[in-house]
Amino acid sequence: MIKSEICGMLGIQYPVFQGGMAWIADGKLAAAASEGGGLGIIAAGNASGDYVREQIRIAKSLTEKPIGVNIMLLSPFADEIAQVVIEEGVKVVTTGAGNPSKYMESWKDAGIKVIPVVASVALAKLMTRLGASALIAEGGESGGHVGELTTMVLVPQICDATNLPVIAAGGIADGRGVAAAFMLGACGVQMGTRFLSAEECSIHPVYKEKIIKAKDLCTMVTGKRLGHPVRSLRTQFARDYSKAEYGGMSDEELEALGGGALRLAVQEGDNKKGCFLSGQIAALVKKEQPAADIIKEVMEEAEPILLRASQWVK
Ligand code: TUI
């Protein structure tokens with residue numbers, strides 16, 4: 001069994017986080033991942049404080065194990081949700097798509113373990129100084145909002161820049177990815193795309209099927225022009241958006257074109273106007289299965305790989 005310092009720190013059995021995917025990672029999915037021995041994470045995304053509070057309570061009704069909340073820092077509700085996690089006694093907060101400095105002190109005072117996603121060495125150093133408990137190094141292979149660097153390049157540099165435990169994310173969906181992450185110096189992984197296929201993941205069946213059928217070149221990045229690059233499945237919508245981005249459309253028109261597209265994918269499976277966020281690793285996601293089985297399976301796959309690697313050393 002693979003154990004690392006993050007397991008003891010958070011009171012989890014396996015060093016696996018279920019990524020906090022906006023509109024997708026609700027209380028039900030997070031509870032299933034936590035019950036399975038990993039860390040389930042509720043995504044605040046662009047939702048209101050009331051929604052997040054409700055999801056935290058749903059998760060708590062389904063599991064006594066620790067759960068986390070991911071706060072998407074571009075959200076207009078970020079300030080409100082920063083308070084909700086304190087009021088609801090959440091133990092772990094992860095952040096994404098920005099710099100959470102202004103919240104760190106109040107979260108730490110409330111006894112919350114803060115684990116920011118960092119996409120650069122500079123932010124990793126700042127978060128270490130401000131008292132983060134661990135860092136998530138997320139490479140641009142991931143779905144959703146992406147940074148510039150790949151996981152292979154980012155993880156070792158973040159490990160060099162901090163003495164905190166580092167969780168690798170982006171492009172990991174099986175035991176090979178887990179083993180590789182450990183080789184790069186990480187002591188845990190976060191997976192998003194793999195959990196899109198979880199039985200407890202309530203996305204529209206069309207979305208799940210698209211992930212399970214995806215092939216190697218099935219994703220693309222759009223949104224660079226407005227400063228928020230996002231990786232999603234290469235659907236007609238993504239292609240049209242990309243064309244508009246490099247055509248004559250104004251920023252306002254472009255913003256309007258993208259608005260609501262994620263909800264349309266998640267709730268309605270809308271082929272024409274939906275934006276189906278996905279990491280590049282979707283091609284390795286083969287079937288629907290319970291979240292607990294995903295966690296157990298990837299960790300069991302990683303074990304013989306890590307053992308074999310040590311035998312190469314003579
Ligand atoms: O946050 C994510 N993934 C997301 S958020 C999201 S919702 C959204 N909708 C529309 C536009 C944008 C987002 C969908 N997927 N992943 C974590 C992540 N954080 N990846 C990269 C970063 C990141 C990038 C730059 C974190 C910090 C950062 O630097 C900020 C700074 O100020 O230094």
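A count restricted to segment 1-29 and to residues that are away from the ligand (no atom under 16 Å from the Cβ) and either under 25 Å from A265 (Cβ atoms) or not in a helix (DSSP H, G or I) (or both) stands at 12.
Among the residues of segment 183-196, is any within 22 Å of V146 (Cα to Cα), surrounded by 19 or more Cβ atoms within 10 Å (Cβ to Cβ) and in contact with a Lys or Arg (Cβ under 8 Å, 6 or more places away or on another chain)? Yes - at least one qualifying residue is present in segment 183-196. In summary, strands (runs of 3 or more DSSP E) completely within segment 144-245 and bearing 1 or more residues that are under 17 Å from A134 (Cβ atoms) and within 14 Å of the ligand (Cβ to nearest atom) occur at 166-169, 188-191. Over 19 Å from the mean Cα position of the chain (by Cα) and under 19 Å from I167 (Cβ atoms), is that true of G11? In short, yes.
Hey, can you tell me all the residues within segment 122-143 that are small (G, A, S), within 11 Å of the ligand (Cβ to nearest atom), without any contact (Cβ under 8 Å) to a residue 60 or more places away in the chain and outside any helix (DSSP H, G or I)? Before you say what the answer is, go through the steps one by one.
Here is the first cut: in segment 122-143, the ones small (G, A, S) are 122, 124, 131-134, 137, 139-140, 142-143.
Adding the requirement that they be within 11 Å of the ligand (Cβ to nearest atom) leaves 122, 124, 137, 139-140, 142-143.
Checking the rest, the ones that are also without any contact (Cβ under 8 Å) to a residue 60 or more places away in the chain come to 122, 124, 137, 139.
Listed by number, the residues that qualify are A137, G139.
Counting only residues that are open to solvent by less than 50 Å² (accessible area, probe 1.4 Å) and modelled with pLDDT under 95, which one in segment 224-236 is nearest to the chain's Cα centre (by Cα)? Taking the candidates together, the pick is G227.
Once segment 59-101 is narrowed to residues that are within 16 Å of the ligand (Cβ to nearest atom), free of Cβ contacts under 8 Å to residues at least 40 places away in the same chain and part of a loop (DSSP other than H, G, I, E, B), the residue that is most open to solvent (accessible area, probe 1.4 Å) is P76.
The C-beta contact set for segment 199-225 (first residue touching a residue at least 12 places away in the same chain (Cβ under 8 Å), second residue open to solvent by 90 Å² or more (accessible area, probe 1.4 Å) and of a type in the set (S, T, N, Q), distance under 7 angstrom, 6+ apart or interchain) comprises H204/Q267.
Here I281 fulfils each of the conditions (1) over 21 Å from A32 (Cα atoms); (2) of a type in the set (V, I, T); (3) within 16 Å of the chain's Cα centre (by Cα); (4) in a strand (DSSP E or B) apart from (4).
Within segment 110-121, identify whether any single residue is open to solvent by 40 Å² or more (accessible area, probe 1.4 Å), basic (K, R), touching a residue at least 60 places away in the same chain (Cβ under 8 Å) and over 20 Å from K287 (Cα atoms), and answer yes or no. For segment 110-121, residues open to solvent by 40 Å² or more (accessible area, probe 1.4 Å), basic (K, R), touching a residue at least 60 places away in the same chain (Cβ under 8 Å) and over 20 Å from K287 (Cα atoms): present.
Taking the criterion of being away from the ligand (no atom under 16 Å from the Cβ), of a type in the set (D, E) and part of a loop (DSSP other than H, G, I, E, B), would at least one residue in segment 38-54 satisfy it? No.
Pairs linking a residue in segment 165-186 that is touching a residue at least 40 places away in the same chain (Cβ under 8 Å) and of a type in the set (D, E) to a residue that is more than 14 Å from the ligand (Cβ to nearest atom) and open to solvent by less than 10 Å² (accessible area, probe 1.4 Å), with Cβ atoms under 7 Å and 6 or more positions apart or on different chains, are D174/V298.
Scanning segment 246-270 for residues that are of a type in the set (S, T, Y) and either crowded, with 16+ Cβ neighbours inside 10 Å or not in a loop (DSSP other than H, G, I, E, B) (or both) turns up just one, Y246.
Looking only at segment 198-222, how many residues end up being buried (at least 18 other Cβ atoms within 10 Å of the Cβ) and touching a helix residue (DSSP H, G or I) at 6+ places or on another chain (Cβ under 7 Å)?
Applying the first criterion (buried (at least 18 other Cβ atoms within 10 Å of the Cβ)) to segment 198-222 yields 198, 200-201, 203, 207-208, 210-211, 214, 218-219, 222.
This time we only want the ones that are touching a helix residue (DSSP H, G or I) at 6+ places or on another chain (Cβ under 7 Å), so: 198, 200-201, 203, 207-208, 211, 214, 218-219, 222.
The qualifying residues number 11.
Looking across segment 271-296, the residues that are among the hydrophobic types (A, V, I, L, M, F, W, C) and either out of contact with any Gly (no Cβ under 6 Å at 6 or more places or on another chain) or surrounded by fewer than 17 Cβ atoms within 10 Å (Cβ to Cβ) (or both) come down to C275, F276, A282, A283, L284, V285, I294.
The values are calculated or read from the model by the stated rules, or taken from the named source; none is laboratory data. Keep in mind the model is a prediction, meaning the values are calculated, not measured. Don't worry about glycine lacking a Cβ; one is built from the backbone with ideal geometry, like all the others, and counts go over all protein chains shown. Please note that ligands, DNA and RNA were not included when accessible areas were found on the heavy atoms of the full protein model with its side chains. Shrake-Rupley method; radii C 1.70, N 1.55, O 1.52, S 1.80 Å.
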